[in-house]
1. Order the following by accessible area, largest value first: 165, 82. Probe radius 1.4 Å; ligands, DNA and RNA are ignored.
2. Between residue 65 and residue 397, what is the label-point separation in nm under the 7 Å Cα-to-beta-carbon projection?
3. Could you work out [θ]222 nm for the chain from helices alone, using -39500 (n - 2.57) per DSSP H run of at least four and dividing by all its residues? Round to the nearest 500 deg cm²/dmol.
4. Over 25 Å between Cα atoms, which of 154/202; 224/426; 426/446 qualify?
5. Out of 92, 2, 246, whose Cα points farthest toward the positive end of the dipole of the chain (charges: +1 Lys, Arg; -1 Asp, Glu; placed on Cβ)?
6. Taking square-rooted eigenvalues a ≥ b ≥ c of the alpha carbon gyration tensor, is region 239-335 rounded, prolate or oblate, where a/c under 1.5 means rounded and, failing that, a/b exceeding b/c means prolate?
7. To the nearest 20 debye, what charge dipole does the chain have about its Cα centre, counting +1 at the Cβ of each Lys and Arg and -1 at the Cβ of each Asp and Glu?
8. Can you tell me the Rg and Dmax of the chain, counting just the alpha carbons, in angstroms?
Amino acid sequence: MPAFTVLNPSTEQPVAQVEPTSAEAADAAIARAVAAQAAWRNVAPGERAALLRSFADVIDTHIEELAALEVAGSGHPVGQARWEAGNVRDVLRYYSAAPERLCGKQIPVPGGLDVTFQEPVGVVGLIVPWNFPMPILGWGLAPALAAGNPVLAKPAERTPLTAIRIGELALEAGLPEGVFQVLPGKGSVVGQRLVDHPDVRKIVFTGSSEVGREIMAGCARQVKRLTMELGGKSANIVFADCDLEQAAATAPVAAFDNAGQDCCARSRILVQREVYDRFLELLEPAVKGVAVGDPASPDTEMGPLISAEHRARVAAYVPDGAPVAFRGSAPDGTGYWYPPTVLAPVRLDDPAYTEEVFGPVVAVVPFDDEADAVAMANDTPYGLSGSVWTRDVGRAIRVARAVETGNLSVNSHASVRYWTPFGGFKQSGLGRELGPDALDAFTETKNVFIATEL
Ligand code: NDP
């Protein structure tokens, strides 16, 4: 198979050549993971915890290097890339507290003792997308390792560089060979092999809903465990009684973070009709003020899109004659640039309003009352994140409960913290990552009865 050339999305220049993993090499890696499994699950809990902490420490001393790789290989602004590398460290530290705390239960039964154990699920296949190569790797990797499972990570073909480096750092930190392996290459080859191979006992997938459905069907053939984090079309609901200045000032980051290549992007802004015009007036300077440019500059807030093909896909949602209300700026010339774009007023059947654009395009539409807002927010097959802006506490709670979504913020757009659960309703996913419950996804509960009376 020919080597894949990773391009810098802001310069279109080659950054690195990466040898793709063949199906045969993937099988050999799976065999190594199986061989490493018994020893890894038997590493004493405190020792496994210490290894995860030293892995986190080694990541910590390489934050700048990892961030620079993500700037070059994915076009992420350097401030964001530093946060992403730090997130891998933090998630490893959080789950390094887990091995000694994977407690079972003791359940009262007649004639004996009944106890449960949280057993490792087995070899985990972790299929990672290109939009957040480091955090999404860490979210699967850390709890899987903590629970005693070897991990095979398949980064997206376009963005393998940080995952490959993190794999090297794991060995430097003392993780045994075979416990964490990185297999760059194509989803249709390596990813598919992880799904099909019977020795891989669990798949963690983040990516498009289309591929997610295929993977679910593949896993069903072996009743393989599966966690999925898929697309989103989240609503940012702005009520007339809110702090409108703050809602408008923060709406761009909620929609254009990572150039909109974010499954949590609040790409539909629903605004109560009486403040709709005023909101747009306030939004315009905020959008025009987004600093779009060289990702290596610390002042940059938004970089390029990942590829020329992806930019063409995003641009197709804004054809000639599209209702563009206003736009931010983007550099001319080389690089896969696309300016922050606000569509208003938008028809409710416009694909830019109904589909996941995965680019810096946001639609702003009016609603009349609370029931209308909830119905519009829920009128999508997705349910990943969302925001509600209001000063009415009762309404904030009612709407937060009524919107069918896995993560919701009130007067804020924060959706991701490594110690709180993250995942989607409806077609946005299956299961939860992060937080205290993610370990459940990497363990099987075993019940053991020991008779005390023979
Ligand atoms: P995909 O869903 O195609 O890719 C995600 C990961 O799955 C990649 O590592 C990919 O490998 C792998 N993969 C692809 N096909 C298979 C397969 N048959 N079996 C196993 N693994 C496979 O996302 P795209 O990169 O193509 O993005 C398309 C759209 O998906 C985006 O525009 C966006 O709308 C959505 N998306 C959503 C994400 C989210 O965070 N929710 C993340 C990424 C995309 P490879 O690409 O290397 O071939």
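The values are calculated or read from the model by the stated rules, or taken from the named source; none is laboratory data. What you see is a predicted model; the values in this text were computed from it and never measured. Every residue, glycine among them, receives a Cβ derived from its backbone with ideal geometry; neighbour counts consider all protein chains shown. Accessible surface areas use protein heavy atoms only, side chains included; no ligands, DNA or RNA. Shrake-Rupley method; radii C 1.70, N 1.55, O 1.52, S 1.80 Å.
1. Highest to lowest solvent-accessible surface, that is 82, 165.
2. Placing both labels 7 Å along Cα→Cβ, they lie 5.1 nm apart.
3. Counting only the DSSP helices, I get -11500 deg cm²/dmol.
4. Working: 154/202 13 Å; 224/426 20 Å; 426/446 29 Å.
In this structure, 426/446 lie more than 25 Å apart at Cα.
5. The Cα lying farthest towards the positive end belongs to 92.
6. Details: a/c = 2.06, a/b = 1.55, b/c = 1.32.
Prolate.
7. Numbers: 38 positive and 55 negative charges, 205 e Å.
Here the size comes out at about 980 debye.
8. Looking at the chain, its Cα Rg and Dmax stand at 22.9, 82 Å.
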